[in-house]
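Report on one structure; see the data block that follows.
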There are 2 protein chains.
Amino acid sequence: MTLEEVARRAKVSTATVSRVLNNLDVVRESTRRKVLQAAAALNYHPNLNARTLAGGKSRSIGAIVSNLSNPFFVDVLRALDAAARERGYDVLIEHTDYRVTRLRAGVRSLIGKRAAGLALIVSEMDPAVIEEIRASGLPAVYYDVGAAGGKTTNIRVRYETGMQRAVQYLYSLGHRRMAFAGHHAALSPLEVRKKAFLAAMKRYGRQVQSRAALSHDSPAGGAQAVRELLGSGFRPTAIVCVNDYMAMGVLRELRARGVAVPGDVSVTGFDNIELAEFTNPALTTLDIPRAAIGRMALEALLQEEGSETAPREVLLDPELVVRDSTGPAR
Amino acid sequence: MTLEEVARRAKVSTATVSRVLNNLDVVRESTRRKVLQAAAALNYHPNLNARTLAGGKSRSIGAIVSNLSNPFFVDVLRALDAAARERGYDVLIEHTDYRVTRLRAGVRSLIGKRAAGLALIVSEMDPAVIEEIRASGLPAVYYDVGAAGGKTTNIRVRYETGMQRAVQYLYSLGHRRMAFAGHHAALSPLEVRKKAFLAAMKRYGRQVQSRAALSHDSPAGGAQAVRELLGSGFRPTAIVCVNDYMAMGVLRELRARGVAVPGDVSVTGFDNIELAEFTNPALTTLDIPRAAIGRMALEALLQEEGSETAPREVLLDPELVVRDSTGPAR
DNA sequence: TTGAAAGCGCTACCAC
DNA sequence: GTGGTAGCGCTTTCAA
């Protein structure tokens, strides 16, 4: 089914059909109706590949996230998608499972599809990929990774602040032996969280002890981190998790071992995903405004070249949300 | 950056560049290298819109799910994606939030992009949409909704069996007053689950009482359903949930009200998502093989026209997975 | 308000 | 092995 067949059936030119389909209101109402009827009768669906090719511009935004199973990413995606939809765009979603090779493949695919812009909500990164995107000339926005400037915007969370708040809060509750449960040591933003935790601890000097365990980004990974932690003989009174998703596994493994939360051990998460409120006990965590991030990302991408209205770099401070998984040190 | 520029730089024809880029091994090694070098030097990314248009076939599979926040759908998506990737395809993801208008828009977008096939993992449906897909001639696979035949495959879960197993199990534990917590009464597969629950209850006749509450598909929705249920004065000793995702909210609301699980009330889920194992108490549920569904969907879509190897309709029976959220009736 | 026709960047067929 | 070139289905001048 092509434009031409529709044109033939409606007895007009392809140009006119195109005008109707694109709502160029120069078309006479009667012919418009004719065209629409013909299109419907033929079950016509415009070939978007041809449209993008001919028009030169695409109505798709490319988005890449590290882990579709982690609600954090889905929340950002949904906000991005909603904002895009409002502006008449759709979103092409790619996910990497934290692997740089998949990141690279995703970026190439999206550039190949001539996306109107790229949102990289990922923890893994590679300078070559950043350069490839820059060279492609596409507007881009990075969350956590990448550098701002030119057509690229950077949204960054101050993990240091967040971790400091968590540690300080736990310290004030009397905790002196704390552990960190994370994943993917090698990826910079995750490393940053761990480092931030360690740095926050360091401020208390010799009074405190800490330890870190890394696994993978899932509840199962959280459980595994706890096994590793406790297996090492270290006896923390608080466990700080890199995110809420893993924290769910931490809670469960602790329970399985008969360790009461927060009675014996306090636990904190990071992100404040919806589920954090539904764990038992409900999770104390640091809020990251995922919806705002998604919206900002879209705005940044669709911004006019000239109008430097929006900042090219934005910094977010995570807010501490106290629930029931933390309490005084035993 | 176009094929032609690459050709110019490599001093070959566009045809040759195309051959190299498509790995048609008729090209001499030396020219192949020249071309690759030129492409790399120019940061060339083939325009996939043009490729699809010219080639006539696309390497993308379209997938539509109802709720990206419900891990059930993400699990199916991931399996589908992995299988597609293996075969050299990528997946275009759409989500509907259970709205038929978005379903329709998603289908149109995917047909417009000339996806190689459509996977509809959704609860909402509309005969007109099914007809539109059929008329488009694209291979399609439906989960839960739609009818098999022609180029379309149907994957269906026997909710009746699943619900029967849940109810029977609870009955055997002594439960006589049970409630159902679901969402979207109007959507057929969800209605089926509810009906199946009611039917299963009916088999026990006057000995048992039941009640249903509908909310939306999220933990918050589950919590809300409990409020509605208990607010009505009904005092169930067991709550059967339409899925695990909502069950998480049911558990939490019960706890908030001081109702012990499974001491006072037993709770069951449906789907057996990873998180079901991480709730407190761990959730008794019915397993649906999400990974297998994703894989089967892909295979069905990529199947040769002629080879009727795979069945055009497949039925799955959910298996009961007993964990800690169920126990003897008080 | 409408039509004719020149591309958009690529593939695939036909020559050489 | 390689090049020339006719489309793929659409948008977008330019004329009428």
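Every number in this text was worked out from the coordinates using simple rules, so none of it is lab data. Remember, predicted model here, so these are calculated numbers, not experimental data. Here Cβ is always computed from backbone atoms with ideal geometry, including for glycine, and neighbour counts include all displayed protein chains.
Observations
- The mean sequence separation of alpha-carbon pairs under 8 Å and at least six residues apart, normalised by the residue count of the stretch A:172-330, gives a relative contact order of 23 percent.
- In the structure shown, the pairs A:Lys11/B:Lys151; A:Lys57/B:Lys57; A:Lys113/B:Lys11; B:Lys11/B:Lys113; A:Lys113/A:Lys151; A:Lys113/B:Lys57 are assessed against 24 Å; a Cα-Cα span above that value is assigned to A:Lys11/B:Lys151; A:Lys113/B:Lys11; B:Lys11/B:Lys113.
- For A:Met125, residues with placed amide H under 5 Å, excluding near neighbours: A:Ser188
- Of B:Pro127, B:Pro289, B:Pro189, the one that fluctuates the most in a GNM where chain B has Cα springs shorter than 10 Å: B:Pro127
- Projecting label points 7 angstrom from Cα along Cα→Cβ for A:Gln37 and A:Val100 puts them 6.2 nm apart.
- In the stretch A:205-286, the chymotrypsin sites (Phe, Trp or Tyr not before Pro) that fall in loop regions by DSSP, at most 16 other Cβ within 10 Å: A:Phe234
- Of the beta bridges in the protein assembly as shown, as assigned by DSSP with both residues counted there, near 10 percent are antiparallel.
- Residues A:Val35, B:Val100, B:Val12 arranged by fewest to most Cβ contacts within 10 Å: B:Val100, B:Val12, A:Val35
- Listed residues A:Ala282, A:Ala223, A:Ala54, most fluctuating in chain A (Gaussian network, C-alpha, under 10 Å): A:Ala54
- Charge dipole (the protein assembly as shown, unit charges on Cβ, about Cα centre) - positive-most of B:Ala40, A:Leu118, A:Val322: B:Ala40
- Euclidean distance of C-alpha centroids, the stretch A:1-78 and the stretch A:139-193, integer Å: 42
- Taking every DSSP helix (H) stretch of at least 4 residues in chain B, weighting each as -39,500 (n - 2.57) and dividing the sum by the residue count yields a mean residue ellipticity at 222 nm of -13500 deg cm²/dmol.
- B:Val91 long-range amide H proximity, modeled H, under 5 Å: B:Ile61
- The stretch A:80-112 versus the stretch A:231-277: alpha-carbon centroid distance in Å: 32
- Hydrodynamic radius by Kirkwood, which averages 1/r over all alpha carbon pairs of the stretch B:3-46, in angstrom: 9.8
- On the basis of the beta-carbon distance and an R0 of 35 Å, A:Arg108 and A:Arg85 show a calculated FRET efficiency of 0.90.
- Considering only Cα atoms, the convex hull volume of the stretch B:1-142 works out to 125 Å³ per residue.
- Estimated distance in nm for a label pair at A:Glu5 and A:Lys195, the labels positioned 7 Å out from Cα along Cα-to-Cβ: 5.9
- Taking amide H atoms as placed 1.01 Å from N in the peptide plane, the amide H of A:Gly117 lies under 5 Å from those of A:Gly62, each 5 or more residues away in sequence or on another chain.
- Counting from the shortest, the label point at A:Ala54, 7 Å from Cα toward Cβ, is 1.8 nm from the same position in each remaining copy.
- Take B:Tyr204, push a point 7 Å out from Cα through the beta-carbon direction, and compare it with the same point in every other copy: 5.1 nm, smallest first.
- Distance in nm between pseudo-label sites at B:Val321 and B:Ala260 (7 Å out along the Cβ direction from Cα): 2.6
- If only the Cβ of Lys and Arg carry +1 and only the Cβ of Asp and Glu carry -1, the dipole of the stretch B:159-288 around its Cα centre is close to 740 debye.
- Reduced Cα scattering model of the protein assembly as shown, Debye log10 I(q)/I(0), q = 0.06, 0.10, 0.11 Å⁻¹: -0.38, -1.02, -1.18
- Annotation for B:Arg176, label-to-label distances across the other copies: 5.8 nm (shortest first, one decimal, point 7 Å from Cα along Cα→Cβ).
- Extension gain, B:Glu29 to B:Arg312, is 97.4 nm, computed as 0.36 nm per intervening residue step minus the present C-alpha separation.
- Residues A:Met248, B:Met201, A:Met163, B:Met125, sorted so that the one with the fewest Cβ neighbours within 10 Å comes first: B:Met125, B:Met201, A:Met163, A:Met248
- Measuring how big the stretch A:159-288 is from its alpha-carbon positions, Rg and Dmax come out at 12.9, 37 Å.
- Listed values for the stretch B:75-89 are Karplus-derived 3J(HN,Hα) couplings in whole Hz (6.51 cos²θ - 1.76 cosθ + 1.60, θ = phi - 60°), namely 5, 5, 4, 5, 5, 4, 4, 4, 5, 5, 4, 4, 9, x, 10, and x replaces Gly and Pro.
- Under the Debye formula (equal points on every Cα, no solvent term), log10 I(q)/I(0) of the stretch A:164-206 at q = 0.22, 0.27, 0.29, 0.31 Å⁻¹: -0.72, -0.96, -1.04, -1.12
- Computed across chain A, the Kirkwood radius stands at 22.1 Å (inverse of mean 1/r, all Cα pairs).
- Relative compactness, the stretch A:239-330, computed as alpha-carbon Rg over 2.2 N^0.38 Å: 1.43
- Selected from B:Tyr44, B:Tyr204, B:Tyr171 as most flexible by GNM, with chain B as the system and alpha-carbon contacts under 10 Å: B:Tyr44
- When DSSP beta bridges are restricted to pairs lying wholly in chain A, around 10% turn out antiparallel.
- Fewest-first ranking of B:Leu173, B:Leu298, using other Cβ atoms within 10 Å as the exposure measure: B:Leu173, B:Leu298
- The charge dipole of the protein assembly as shown, taken about its Cα centre with unit charges on the Cβ of Lys, Arg, Asp and Glu (plus for the first two, minus for the last two), comes to roughly 340 debye.
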